[in-house]
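Here is the structure we will look at.
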Amino acid sequence: MARQFSLRFILFLFGSDLALVVLSLLLATRLRTLLPFGKAADSSFWAVPLPVYLMGIVIWAVVFVALDVYNPRWLTQPLLELVKIVEATLFAWLILAGMLYFSFREVSRLEYLYFLALYLPLILTHRLAVRSAFRARGGQRYHTRRVLIVGTGGIAHDIARMVQAQGWMGLSLAGFVTENSAGDPPNDLPVLGTLGSVPDVIRAHDIAEVVIALPREDANDLRDFVNRLQTLPVNIRLIPDYFDMAFLRVSIESFGGMPLLSLKEPVLDPFQRVVKRVFDVALTLLLLVPALPLMGLIALAIRRDSPGPVLFRQARVGEGGRLFTMLKFRTMHDGAETLQDAVSARSTDGHILYKHEDDPRVTRTGRWLRRTSLDELPQLFNILRGEMSLVGPRPEMPWLVEKYEPWQRKRFEVPQGLTGWWQVSGRADRPMYLHTEDDLFYIRNYSVWLDLRILWKTVQAVLLRRGAY
């Protein structure tokens with residue numbers, strides 16, 4: 001539950017850590033001129049060249065994000081948080097030292113040592129002070145997540161006390177549900193319903209976290225219960241001994257000393273989501289500079305080749321199961337969707353193979369656009385609108401999603417992408433029904449570096465025209 005800590009709080013830590021880099025460099029400059037060691041230094045206020053400040057900010061930002069310093073799990077474990085900060089600081093300090101050696105060698109070694117000696121105590125003191133202030137605020141926070149506990153036994157009592165004790169993290173106890181109508185809630189909090197009414201309770205009470213605290217022997221039909229919750233926008237946690245209900249991966253966290261298993265929670269924590277979004281917008285804006293003139297030429301070619309609209313609009317399922325309109329350049333004759341059943345084929349095990357290299361519905365220009373993958377360019381606007389990401393599972397058609405098994409729906413836990421692991425691992429050469437496993441591989445192993453790797457492999461796949469038709 002700590003993983004969904006306040007995004008504003010994490011952004012505040014991120015910004016203040018970078019501000020401390022500038023402050024430490026500035027103070028190191030002052031110490032270099034005041035302390036009686038070494039040679040006389042430039043007494044100007046900005047003795048360290050201004051580009052050094054910028055280098056420090058960039059290096060600290062990249063290293064601290066890459067080393068997962070802002071993972072909300074550390075916020076409940078002060079010692080681990082401080083260890084991570086020291087590790088990341090030393091790593092960033094060594095990188096900056098190497099860059100200064102090849103660029104601004106006039107920065108003295110003594111001054112650089114002062115910088116480290118100042119930054120470490122400043123950031124550690126700052127973190128401890130912020131932690132204390134945040135705890136002192138108690139219920140006054142940016143974002144509250146309401147918790148529903150399934151069960152009213154002794155385990156449920158313990159979880160309820162822990163939720164109330166961890167209120168400073170943004171948790172608020174909403175109430176309980178029981179396996180049946182019997183049972184009294186602890187602490188005079190209301191029983192909001194039974195297992196069968198949980199979906200309605202979640203919607204009515206704006207529940208964000210569901211903690212299953214039923215004894216194993218009392219958890220009748222619990223698998224079906226978890227299946228029903230998978231389609232709702234809630235995180236699912238439970239006391240251990242339920243591994244067989246996890247669809248993708250099980251993460252274990254200590255909550256007040258009690259282990260919780262997370263069967264369903266957002267793959268991206270709030271800070272990762274912000275980093276991914278900033279990366280998407282920045283790179284998309286850069287790509288649009290050469291793409292816009294090319295898109296104009298493509299639109300003219302489509303109009304000359306066949307009658308009909310330039311853009312093809314289709315409803316797709318995005319992150320969280322939300323529908324949106326995905327844009328592509330039209331590559332088929334107008335009205336080709338009505339012929340889908342006539343040209344679709346099935347594999348030997350009965351799965352639909354809806355794309356064919358010799359599909360008669362594809363126009364001459366459309367065939368070239370598909371070979372070069374240029375038909376996907378309009379999706380850059382979907383990315384700017386926040387409906388898609390540069391990298392992620394491809395948005396699926398609603399009629400196919402209806403045929404998904406519960407475990408396959410995990411692919412909608414991340415932003416859907418323009419390209420993904422499936423595309424660079426085989427693209428259209430592989431049947432549609434096989435790509436869910438590739439999407440889950442991406443989700444299990446998500447990182448900024450994996451996104452960069454996929455983008456690079458996408459460029460290679462497009463240039464080689466592998467698997468596109």
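Each of Thr419, Thr363 has some number of other Cβ atoms within 10 Å of its Cβ, and from fewest to most they run Thr363, Thr419. The stretch between Asn227 and Leu11 holds 74.3 nm of extra length on full extension. This uses 0.36 nm per residue minus the Cα-Cα distance. Computed from the C-beta positions of Phe102 and Val58 and an R0 of 22 Å, the FRET efficiency is 0.90 to the nearest 0.05.
Arrange the following residues from fewest to most other Cβ atoms within 10 Å of their Cβ: Phe324, Phe176, Phe381. Walk me through the numbers before you get to the answer.
Values: Phe324 18, Phe176 27, Phe381 15.
By the 10 Å Cβ count, ascending: Phe381, Phe324, Phe176.
Per residue, the Cα convex hull of region 292-336 amounts to 74 Å³.
Converting phi to 3J(HN,Hα) with the Karplus coefficients 6.51, -1.76 and 1.60 and the offset θ = phi - 60°, region 151-158 yields x, 9, x, x, 5, 4, 4, 5 Hz in sequence order, with x at every glycine or proline.
Stretching Leu80 away from Leu464 to a fully extended chain increases their span by 133.6 nm, per 0.36 nm per residue minus the current alpha-carbon distance. Residue exposure proxy: Ser373, Ser197, ordered by other Cβ atoms within 10 angstrom of their Cβ from fewest to most, comes out as Ser197, Ser373.
Can you tell me how much longer the chain between Ser306 and Leu384 gets when fully stretched, taken as 0.36 nm per residue apart minus their C-alpha distance, in nm with one decimal? Mind dumping the intermediate values first?
Values: separation 78, 0.36 × 78 = 28.08 nm, distance 2.92 nm.
Stretched fully, the Ser306-Leu384 segment lengthens by 25.2 nm.
Measuring against 24 Å, Cα to Cα, the residue pairs Lys84/Lys410; Lys403/Lys457; Lys276/Lys410; Lys276/Lys457 contain Lys84/Lys410; Lys403/Lys457 as the ones spanning a longer distance. The label point for Gln164 and the one for Asp200, both projected 7 Å from the Cα toward the Cβ, are 2.8 nm apart.
Calculated FRET efficiency, Arg30 and Arg367, Cβ-Cβ r, R0 45 Å, to nearest 0.05?
Efficiency computed from Cβ-Cβ geometry: 0.10.
No value in this document is a laboratory result; all are computed from the given coordinates. All figures in this text were calculated on a predicted structure; none of them were measured in a lab. No Cβ is skipped: glycine too gets one built from the backbone with ideal geometry, and neighbour counts run over all protein chains shown.
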